[in-house]
Amino acid sequence: MKNLKKAKNRTNRLIKNCIKGIFALTLLLLTSCSDDDSALAPQEVNDCESYEPTPASGTINGTWEIANEIDVYANLITIPGDPGGGYVRVSLMQGDGNLIPALFVDNDFDSGGTIIGGSAAQTNDESNRIAYFAVHPGASYSVEVFPFFNANAYPIDYTIEWEFFSRVDCFERNDTQGQAKKILFDETIEAYAIAGFTDYFIASGDDKTYDWYKVELDEPGVIEAELLDMPNDMRITMRFFNESGSVEGFDFEWIGAETDLNRGRLSKITSSSILDPGTYYIELHADFVESRKSNSDLEPIPEHFNKTYKIKTKKL
């Protein structure tokens with residue numbers, strides 16, 4: 001009987017110790033959760049929308065049966081809908097040493113003007129034509145080819161090849177204030193300043209020559225936006241706007257030595273007063289662009305086809 005009573009006491013102590021252990025563990029878990037609420041809070045993110053580049057290319061084999069024959073391929077080059085657009089390499093190749101070919105590209109030959117135009121005469125390779133041009137998402141372009149200087153005998157075979165190079169820009173489309181993409185303070189963002197042809201020219205004030213961003217100011221403060229890197233074949237300027245669409249006052253500062261038309265020159269803008277909490281917009285404009293195409297092998301590929309710009313915003 002005495003042994004039974006001792007056994008019961010040991011069992012009761014074990015039960016009490018287990019209950020104490022469970023209580024301590026629960027308290028520890030609750031304390032850990034309350035001390036690290038930030039781990040459960042949603043993290044603020046920007047409006048970058050990633051996507052995979054869409055491959056697109058094509059080849060046409062043709063024949064000039066007679067001298068001066070003009071062949072037109074309507075909508076031969078069709079661009080995928082990748083938001084950032086990109087550029088196209090197009091080539092016209094033929095093997096007759098006496099023939100100098102001509103290549104023309106446009107979205108609408110009936111409207112006058114061309115995006116790419118001319119022959120291979122006086123280029124580095126007078127038997128063939130190679131060109132590059134910026135393209136717009138979802139656009140189509142027609143191609144026209146003919147002998148500029150004729151061969152001694154016909155028929156002459158030729159090949160047209162084209163390839164699309166998608167420029168992945170996760171902040172596109174952001175061409176207007178209404179399309180502005182949210183970015184975060186103290187983060188560096190990277191994007192392309194490439195505007196594709198939808199006509200034979202691109203006006204300096206076209207929406208597609210602009211990128212728009214927005215930042216959320218949660219307390220009164222000063223906003224700074226700095227251009228950290230950029231292509232050397234264009235000038236980039238920035239301005240601040242408020243939610244009503246009005247320009248906010250800002251101080252502008254060039255960074256680095258002066259260049260021709262300030263192409264490739266970095267800069268910074270800072271709001272000239274303490275701003276109230278709210279949404280503010282950054283308008284980024286690429287102008288004084290040297291070229292949006294390379295019409296032949298005598299011209300380099302525009303640097304902004306393959307080089308991004310980088311900006312960073314701060315709350316001061």
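The values are calculated or read from the model by the stated rules, or taken from the named source; none is laboratory data. Owing to the predicted nature of the structure, the values given are computational and were not obtained by experimental measurement. So basically every Cβ, Gly included, is an ideal-geometry build from the backbone, and we count neighbours across all protein chains shown. Surface accessibility is based on the protein's heavy atoms, side chains included, excluding ligands, DNA and RNA. Shrake-Rupley method; radii C 1.70, N 1.55, O 1.52, S 1.80 Å.
The residues of region 83-97 that are more than 16 Å from residue 145 (Cα to Cα) and either part of a loop (DSSP other than H, G, I, E, B) or of a type outside the set (A, V, I, L, M, F, W, C) (or both), listed by number, are 83, 84, 85, 86, 87, 97.
When the residues of region 183-203 are filtered to those that are open to solvent by 40 Å² or more (accessible area, probe 1.4 Å) and under 18 Å from the mean Cα position of the chain (by Cα), the one that is nearest to residue 91 (Cα to Cα) is 198. Among the numbered conditions (1) more than 21 Å from residue 178 (Cβ to Cβ); (2) surrounded by 17 or more Cβ atoms within 10 Å (Cβ to Cβ); (3) not hydroxyl-bearing (Ser, Thr, Tyr), the only one that residue 218 does not meet is (2). Which number in (1) more than 15 Å from residue 162 (Cβ to Cβ); (2) open to solvent by 60 Å² or more (accessible area, probe 1.4 Å) marks the one condition that residue 78 misses? Answer for residue 78: the failing condition is (1). Number of residues in region 239-268 that are open to solvent by 60 Å² or more (accessible area, probe 1.4 Å), closer than 17 Å to residue 316 by Cα and either among the acidic types (Asp, Glu) or touching a Gly at 6+ places or on another chain (Cβ under 8 Å) (or both): the value is 2.
Residue-by-condition table, conditions (1) in contact (Cβ under 8 Å) with a residue 60 or more places away in the chain; (2) open to solvent by 50 Å² or more (accessible area, probe 1.4 Å); (3) touching a strand residue (DSSP E or B) at 6+ places or on another chain (Cβ under 6 Å); (4) under 29 Å from residue 217 (Cβ atoms):
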{"residue": "237", "(1), (2), (3), (4)": "no, no, yes, yes"}
{"residue": "270", "(1), (2), (3), (4)": "no, no, yes, yes"}
{"residue": "279", "(1), (2), (3), (4)": "yes, no, yes, yes"}
{"residue": "301", "(1), (2), (3), (4)": "yes, yes, yes, no"}
{"residue": "310", "(1), (2), (3), (4)": "yes, yes, yes, yes"}
{"residue": "315", "(1), (2), (3), (4)": "yes, yes, yes, yes"}
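Filtered by the rule that a residue be open to solvent by less than 30 Å² (accessible area, probe 1.4 Å) and either part of a loop (DSSP other than H, G, I, E, B) or within 25 Å of residue 192 (Cα to Cα) (or both), region 128-162 gives 128, 131, 133, 134, 135, 137, 139, 141, 151, 162.
Within region 81-117, the set of residues being free of Cβ contacts under 8 Å to residues at least 60 places away in the same chain, within 25 Å of residue 154 (Cα to Cα) and open to solvent by 20 Å² or more (accessible area, probe 1.4 Å) comprises 97, 98, 104.
Do we have any residue at all in region 282-291 that's within 25 Å of residue 186 (Cα to Cα), surrounded by fewer than 20 Cβ atoms within 10 Å (Cβ to Cβ) and within 21 Å of the chain's Cα centre (by Cα)? Yes, there is a match, as at least one residue in region 282-291 is within 25 Å of residue 186 (Cα to Cα), surrounded by fewer than 20 Cβ atoms within 10 Å (Cβ to Cβ) and within 21 Å of the chain's Cα centre (by Cα). Scan region 107-127 for residues that are at negative phi, in a loop (DSSP other than H, G, I, E, B) and among the small types (Gly, Ala, Ser) and the total you get is 4. Determine whether residue 67 is modelled with pLDDT of 50 or more, surrounded by 10 or more Cβ atoms within 10 Å (Cβ to Cβ) and more than 43 Å from the chain's Cα centre (by Cα). The answer is yes for residue 67.
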